[in-house]
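The values are calculated or read from the model by the stated rules, or taken from the named source; none is laboratory data. Fair warning: this is a prediction, and the values are worked out from it, not measured in the lab. Note that each Cβ is placed from the backbone with ideal geometry, even for glycine, and that neighbours are counted across all protein chains shown.
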Amino acid sequence: MPEETLFESESIQSRAEVAAYLRTVADSLDANESITFRAGEQSITVDPPASVEFEVKVEREGPSGKPGELGVEFELEWDEDGSDEGPLEIE
């Protein structure tokens with residue numbers, strides 16, 4: 001399935017600033033509120049449903065066996081049309 005990037009922001013921030021940003025997102029999720037992402041003149045508002053697919057990934061970029069760049073990604077996904085494929089079943 002092709003991807004379309006609707007919003008992207010990248011900046012150097014302190015650990016405390018990142019924690020505050022993630023806390024704001026978490027508070028919005030906990031309160032069942034929409035979330036608005038802003039950077040410069042870009043902005044987008046999303047309204048996650050009650051249940052979402054949540055992925056956490058830790059990865060290393062660079063040559064195998066040598067120091068590289070570590071990254072942690074948090075991803076929430078849901079169907080825009082509200083459909084839910086349900087649990088995976090094997091028959």
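Taking region 1-25 on its own, how many of its residues are under 22 Å from Glu80 (Cβ atoms) and under 15 Å from the mean Cα position of the chain (by Cα)?
Restricting attention to region 1-25, the residues satisfying the condition of being under 22 Å from Glu80 (Cβ atoms) are 1-9, 25.
Those left that are additionally under 15 Å from the mean Cα position of the chain (by Cα): 3-9, 25.
Summing the residues that are under 22 Å from Glu80 (Cβ atoms) and under 15 Å from the mean Cα position of the chain (by Cα) in region 1-25 gives 8.
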Query raised in the report: When residues of region 32-61 are filtered for being closer than 20 Å to Asp79 by Cβ, β-branched (Val, Ile, Thr) and part of a strand (DSSP E or B), how many remain?
Result: 4
Query raised in the report: Regarding Ala39, is this residue among the small types (Gly, Ala, Ser) and either surrounded by fewer than 10 Cβ atoms within 10 Å (Cβ to Cβ) or closer than 21 Å to Gly82 by Cα (or both)?
Result: no
Query - Of all residues making up region 1-31, the number that are in a loop (DSSP other than H, G, I, E, B) and either exposed (fewer than 10 other Cβ atoms within 10 Å of the Cβ) or in contact with a strand residue (DSSP E or B) (Cβ under 8 Å, 6 or more places away or on another chain) (or both) - result: 14
Query raised in the report: Can you pull out the residues in region 37-91 that are of a type outside the set (Asp, Glu), modelled with pLDDT under 85 and either within 19 Å of the chain's Cα centre (by Cα) or closer than 17 Å to Val25 by Cα (or both)?
Result: Gly82
